[in-house]
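Notes to accompany the following structure.
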Amino acid sequence: MATEMGIARSTLRDWCGEVPRGDPPTGLTAFARTPEGIAWLHRMVLAAHFSITLRAAGGTRLVSEFLELSGLSAFVGVSDGAQHALNVDLETAVVAVAAEQRTALAEGMPVRQVTVCEDETFHPGICLVAIEPESNLIVLEQYAADRTAAT
């Protein structure tokens, strides 16, 4: 049943208990056990993951901390495993949507020449890059032993 609802088994097990952790208000507890409440909880957790891990470059531990501080941990599993698995799924979905968008948007774009500029970055070693100057998009990158013109 937990899999069909898209929630962790530990979360469902906690929901089936008498009183959720964190002692939330009775009305909120009742709401969180409805289909609309579950959808709302999913939205809040995904919003936290999107904002914290994808936009602010934080980790899943910060998401867990947010869920605990907000009281949502009364309804949502905050273990590292549960939050990491959800974050992997979110990142996979974002990459898939980005690929779809690139394909859809590319169909309507006119063919044009682009200029690339040579540059380098240093993380963890010398990384030679070719950057399109208008968009600042890195077109190519390759690690190298040195940054001489021949390389």
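Every read-out reported here was derived from the displayed coordinates using simple, explicitly stated rules and does not represent laboratory data. Nothing here was measured: the structure is a model prediction, and the numbers come from that model. Here the Cβ positions follow ideal geometry from the backbone for every residue, glycine too, while neighbour counts run over all protein chains shown.
Couple of notes before you dig in:
- Longest DSSP-loop-exposure-free segment, trypsin sites (Lys or Arg not before Pro), the chain, at most 16 other Cβ within 10 Å: 34-111
- Rg and Dmax of region 24-93, Cα atoms only, in Å: 12.0, 36
- Full extension of the chain segment joining Gln142 with Arg55 gains 28.7 nm, where the gain is 0.36 nm per residue of separation less the Cα-Cα distance.
- Relative to the longest principal axis of the Cα atoms of the chain, the long axis of helix 80-107 makes an angle of roughly 50 degrees.
- Nearest 10 degrees, 0 to 90: helix 35-49 Cα axis against the chain principal axis: 40
- The GluC sites (Glu not before Pro) of region 109-151 meeting both criteria, a DSSP state outside H, G, I, E and B (loop) and at most 10 other C-beta atoms within 10 angstrom of the site's C-beta, are Glu134.
- The chain: Rg to Rh, with Rh as the Kirkwood radius over Cα pairs: 1.17
- With Cα atoms, 0 to 90° folded angle of helix 60-70 axis to the chain main axis: 40
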